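Accompanying notes for the structure given below.
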Amino acid sequence: MNYYKATEKFLYNYKPLKISIKNMESELEELEPIGVSAINYENEKTGITYKINKIVENEAIDLISKKELLKDRIEKTKRLVNRIERALETLNDSERKVIEKRYFEAKQWFEIAYEVKYSERWCRDIRKRAIDKLQVSLFGVTSVLLPLLDSQKNIL
């Protein structure tokens, strides 16, 4: 796995993930006031098995399933956003500024360099160091060890 690219993908999607949480919570709220009407079997035709079609019950079960799925997706997305936010806490001020401007504000390198008053090359170096820190925070020790093991295989 390329942890550097995965970390960048997390950063590029940080803001959309936060918006996604709000949208899913809104969708969940829209599902809440839906009530269930009374059950009426008067016009229900039955066959030899006497199986009755339970439309209202099926709709209620589908609604409950949809709510549970939505709650689960919200929780997973919140956990991911929290992981990213905790990882960002490991950065120093200059690293954080460069990361925010590049990934959250989608600025070009010359814009970032102008705003933080560093050269473009230095901004790219800062970004590299910051991504290295973030990938360890997000993926743990495997993000450090696997590239080392791969490089040793190439030497042998």
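The values are calculated or read from the model by the stated rules, or taken from the named source; none is laboratory data. Computed from a predicted structure; not experimentally measured. Please note: Cβ atoms are built from the backbone with ideal geometry, for glycine as well, and neighbour counts cover all protein chains shown. Keep in mind that these areas ignore ligands, DNA and RNA; they rest on the heavy atoms of the full protein, side chains included. Shrake-Rupley method; radii C 1.70, N 1.55, O 1.52, S 1.80 Å.
Some notes on this structure:
- Test: TYR118 is farther than 26 Å from ILE19 by Cβ, at pLDDT 95 or above and part of a loop (DSSP other than H, G, I, E, B): yes
- Whichever residue in region 3-33 is open to solvent by 90 Å² or more (accessible area, probe 1.4 Å) and assigned to a loop (DSSP other than H, G, I, E, B) and, among such residues, is modelled with the lowest pLDDT: PRO33
- Residue-level analysis places VAL81 outside the set of residues that are free of Cβ contacts under 8 Å to residues at least 60 places away in the same chain, open to solvent by less than 70 Å² (accessible area, probe 1.4 Å) and part of a helix (DSSP H, G or I).
- Unmet requirement for ASN92, which otherwise passes all of (1) free of Cβ contacts under 8 Å to residues at least 24 places away in the same chain; (2) open to solvent by less than 60 Å² (accessible area, probe 1.4 Å): (2)
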